[in-house]
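The structure under discussion appears below in the form of structure tokens.
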Amino acid sequence: MEELRKLHEELFIFLEDLRESKNGEFKDLKYTFRKDNFGNKLENGYWFLGDEKNLIISFWRGDNVFTKRPNISLNFEIELELIYLEITVEKFNNYDLFANNDNKFKLVHDYILPNYREIESLNKEDFVIYRYRLGPIIHWKEILFNFINNDRIIIDVAINSFQELFENKDEQSRYSIGQIDKDQFRRNLSKIKLYREQLAELNEYENASYYNKEKPFYLKSFEIKDYGYLDRISINNIPHDNRWIFITGENGSGKTSLLKALAIFLGQGIIPSSHLRNFPKTPIFKANLIGGKGEEKIIIREGNDSESRNAKRSLLRGFAAYGIHRTVIKSRLYLSKNINHELTKSGFLESILSDGITPLIDFNKTIEEWSDSKYSLEKFNHRREFFAKALLRTVPGLVDIHFKESRKGLTTDFFIRYNEGPVSKVSFDQLSSGTKSTLSFVSDIIIRFYKQQPEAYDPSEFRGIVIVDEIDLHLHPQGQKNLILALNEVFPNIQFIVSTHSPIPLLGAPKESIFITIERDNKSGINATILDIDITNLLPNTLLSSPIFGFNSIINVNHDYSQLLWTENDYQEDVFYKILDSKIKKRTLELGLNNDQDNS
């Protein structure tokens, strides 16, 4: 990984040196950067697209609809130690995903591909990848310089001849092949330079200049005393790099009470009078919070003190909290067009504290609000690609999102594919309830954090805390694991504090996660304990029987103890061995043998 980071940095310097060369030959050279910080890639020095196995750079705009990678790019294949020119083109456009597909197909096949012999093709379901080997990575500077001086110019001529056919202002234009916009290039370049400066000065993300240093971001420790049945809960030494805290415990153990107490404290909410009347002592909250440049801040609060009563916002730079009714969607239950209430102190805590329906911020209403004025629409136009990519990563089956401008404002089309079936274009109201719930939940986080950190465009740069009660609620097991993976990638700098009844979300837990178990007994009341457990190599059955869940027996109640338990790691493997065992027994009987007889 260190070698790959080094390649990113050397490639950046090489290209910038070309652009700034004295003869000015390459002053207009433009190329693609990684735009978002998903997975903390920019913070760690990965300036260009790709993953741990490759580096991808392009000198033209336009992505493949399905891969979301450039149509024409250079791919540095790290494992193969080779550089390829890669050209991708969709096979057909039955889905109305983008315009001018015929022109794109003609450009690639009639004007670009004929320049390359011995080109290989990789056929996929919806598109084809053409690959032309340029040479070994060890000679990348020579290869790249020759490509810029020769191939790039040839491809430029071909693209420019089609430019008028591809020009359009709508959402679909990002899939058309064309020249990189100068203003967009300058913005992306400035962002990379900012990250490079931060990386050079400090390896701590909190040094980002556009974050409010007066407000903290994360929890390092906390203590809650006399809040309801929580006599004293104390959690210390949360690691500095921790971004996921999983809370487990039986029903009635106090998980929800703990999350509500944390939400009231961090959100500077008012403790309901019923909570104060029913318990004799005044609740006390204490926390050590981490902020900009790693400084720590200790906050202490007793009951509804004057500071919390007068506060209009949370203690944190960014904050959101969700209760178990967050997935409830009613067609006639809308938020007002002005969503400011949902972004007030009481609005932020409504979901986690309420026992009734508290819908998420309305996606369509927000899009309408963002198109109310020229200023807000311009700001959204800078955010829309980041917003869409965050939803595409987190919402299962979502292939693409189109935001379209009309006289009534922005409207949204969603392109969905379920179970490898055809792609369908639907409106928000036509989405399945599960898809709508996940999309609404993720977009609610994004909307709330945009309001709290208005200078940010990339959701992966958000800092703060999100509390979620029962993160696994109403999700299929595959969805439980994938949601954690997706949220961690899209929001790598948000600290999530979540409760769960299922071991499946833990399969997607980052390495730095911590696990807190809540237990209640008649003598000592409610207790919280950080568990020192490495779950990296644990399967769900082992997680269930570990102290995280404390499941005494994972054996089916109908198990016949005269039969062996099947403990294969894969169900298909289990089925295979059952069939094999059945055939062996049948063959044994046919041969007149028995299990105790020596068959040698």
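The values are calculated or read from the model by the stated rules, or taken from the named source; none is laboratory data. This one's a predicted model, so the numbers in the text were calculated from it and none came from an experiment. A quick note on method: Cβ atoms are made from the backbone with ideal geometry, for glycine too, and the neighbour counts reach across all protein chains shown. The accessibility values were calculated without ligands, DNA or RNA, using every heavy atom of the protein model including side chains. Shrake-Rupley method; radii C 1.70, N 1.55, O 1.52, S 1.80 Å.
Cβ-Cβ distances below 6 Å connect the following pairs, each with a first residue in segment 52-80 that is free of Cβ contacts under 8 Å to residues at least 60 places away in the same chain, a second residue that is of a type in the set (D, E) and assigned to a loop (DSSP other than H, G, I, E, B), and a separation of six or more residues or different chains: K53/E79.
Return yes or no: is F48 surrounded by fewer than 18 Cβ atoms within 10 Å (Cβ to Cβ) and either in contact (Cβ under 8 Å) with a residue 24 or more places away in the chain or within 20 Å of the chain's Cα centre (by Cα) (or both)?
Numbers: surrounded by fewer than 18 Cβ atoms within 10 Å (Cβ to Cβ): no; either in contact (Cβ under 8 Å) with a residue 24 or more places away in the chain or within 20 Å of the chain's Cα centre (by Cα) (or both): yes.
Here the answer is no, as F48 does not meet what is asked.
Return a yes/no flag: does segment 340-356 have any residue that is of a type in the set (A, V, I, L, M), modelled with pLDDT under 75, assigned to a helix (DSSP H, G or I) and under 20 Å from I467 (Cβ atoms). Scanning segment 340-356 turns up at least one residue that is of a type in the set (A, V, I, L, M), modelled with pLDDT under 75, assigned to a helix (DSSP H, G or I) and under 20 Å from I467 (Cβ atoms). May I ask you to list pairs of residues, at least six apart or on different chains, whose Cβ atoms are under 9 Å apart, with the first in segment 398-415 being among the basic types (K, R) and the second being in a strand (DSSP E or B)? Sorted first by the residue in segment 398-415, then by its partner, the pairs are K404/L410; K404/T411; K404/T412; K404/D413. In the set (1) within 18 Å of I78 (Cα to Cα); (2) buried (at least 21 other Cβ atoms within 10 Å of the Cβ), the condition left unmet by K53 is number (2). Checking the stated criteria, N203 turns out not to satisfy the condition of being open to solvent by 10 Å² or more (accessible area, probe 1.4 Å), closer than 21 Å to S460 by Cβ and either modelled with pLDDT of 90 or more or assigned to a helix (DSSP H, G or I) (or both). Taken together, the residues in segment 525-537 that are touching an Asp or Glu at 6+ places or on another chain (Cβ under 8 Å) and either more than 26 Å from S257 (Cα to Cα) or not hydrophobic (A, V, I, L, M, F, W, C) (or both) amount to 3.
Condition check ((1) outside any helix (DSSP H, G or I); (2) aliphatic (A, V, I, L, M); (3) at pLDDT below 85; (4) surrounded by 14 or more Cβ atoms within 10 Å (Cβ to Cβ)) across all residues:
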residue	(1), (2), (3), (4)
T358	yes, no, yes, yes
I361	yes, yes, yes, yes
E368	no, no, yes, yes
L377	no, yes, yes, yes
H402	yes, no, no, yes
G421	yes, no, yes, no
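Output the residues belonging to segment 66-79 that are over 23 Å from the mean Cα position of the chain (by Cα) and among the aromatic types (F, W, Y). Within segment 66-79, just F76 meets the criteria.
So in segment 322-335, with the set limited to residues that are surrounded by 12 or more Cβ atoms within 10 Å (Cβ to Cβ) and part of a loop (DSSP other than H, G, I, E, B), which one is modelled with the lowest pLDDT? Working first, answer last.
Let us first name the residues in segment 322-335 that are surrounded by 12 or more Cβ atoms within 10 Å (Cβ to Cβ), namely 322-329, 335.
Next, from what is left, pick out any that are part of a loop (DSSP other than H, G, I, E, B): 323-329, 335.
Numbers: G323: 91, I324: 88, H325: 80, R326: 76, T327: 63, V328: 51, I329: 47, L335: 39.
This residue is L335.
Only one of D63, D28 is open to solvent by 10 Å² or more (accessible area, probe 1.4 Å) and within 23 Å of the chain's Cα centre (by Cα); which?
On the way: D28 fails: within 23 Å of the chain's Cα centre (by Cα).
None of the others qualify; the one that does is D63.
Are any of the residues in segment 468-482 more than 30 Å from G228 (Cβ to Cβ), touching a strand residue (DSSP E or B) at 6+ places or on another chain (Cβ under 9 Å) and of a type in the set (D, E)? So far as segment 468-482 goes, no, none of its residues is more than 30 Å from G228 (Cβ to Cβ), touching a strand residue (DSSP E or B) at 6+ places or on another chain (Cβ under 9 Å) and of a type in the set (D, E).
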